[in-house]
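The values are calculated or read from the model by the stated rules, or taken from the named source; none is laboratory data. Note that this is a predicted model, so its numbers are computed, not measured. All Cβ positions, even for glycine, are placed from backbone atoms using ideal geometry, and neighbour counts span all protein chains on display. Note: areas computed on protein heavy atoms with side chains; ligands, DNA, RNA excluded. Shrake-Rupley method; radii C 1.70, N 1.55, O 1.52, S 1.80 Å.
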Amino acid sequence: MNDKEMELLTSASLEQQQLLSTIIWSAKETAFKIFNPPDANLQARFDTSLPSTLPSEGDLFSFGLTYSKPYPPALSITIQAVYTEGIVLTCAQYAPAID
């Protein structure tokens, strides 16, 4: 996790910390599979923009994720996620521009 994500995590209750860390990890794994970066540095390459309040059980929610490639410009995608029965499921669709 990057500094911004760690700050959010450390300000949360212990119960929320587990959920937050799972959401962040799952979102970064989703982006990793989409972009297939040249290295596995999830901390430096992927930055999540989580909602200010955590979702309730069973709620579908969205948030942004920015992929900072080795060369600009950075790419942003929207992550869709749901938390239910202790499981976090994330997905995203990325359609690169066709030149």
For this session: Kindly indicate whether Lys69 is free of Cβ contacts under 8 Å to residues at least 40 places away in the same chain and assigned to a helix (DSSP H, G or I).
Result: no
For this session: Among the numbered conditions (1) open to solvent by 40 Å² or more (accessible area, probe 1.4 Å); (2) of a type outside the set (Lys, Arg); (3) modelled with pLDDT of 90 or more; (4) not in a strand (DSSP E or B), tell me where Ala44 comes up short.
Result: (3)
Exercise. Quick check: is even one residue across the range 11-19 surrounded by 15 or more Cβ atoms within 10 Å (Cβ to Cβ), at pLDDT below 90 and within 14 Å of the chain's Cα centre (by Cα)?
Worked result: yes
Seminar exercise, completed: Note on the range 26-73: residues farther than 19 Å from Leu9 by Cβ and among the hydrophobic types (A, V, I, L, M, F, W, C) are Phe32, Ile34, Phe35, Ala40, Leu60
Exercise. Do we have Lys33 as without any contact (Cβ under 8 Å) to a residue 12 or more places away in the chain and either outside any loop (DSSP other than H, G, I, E, B) or open to solvent by 20 Å² or more (accessible area, probe 1.4 Å) (or both) here?
Worked result: yes
Exercise. On the given criteria, is Thr53 of a type outside the set (Gly, Ala, Ser) and open to solvent by less than 90 Å² (accessible area, probe 1.4 Å)?
Worked result: no
Seminar exercise, completed: All conditions in (1) out of contact with any Cys (no Cβ under 7 Å at 6 or more places or on another chain); (2) at pLDDT 85 or above; (3) open to solvent by 50 Å² or more (accessible area, probe 1.4 Å) are true of Gln93 except (2)
For this session: Would you be able to say whether some residue in the range 16-27 is on the phi > 0 side of the Ramachandran plot and either in contact with a helix residue (DSSP H, G or I) (Cβ under 9 Å, 6 or more places away or on another chain) or not in a helix (DSSP H, G or I) (or both)?
Result: no
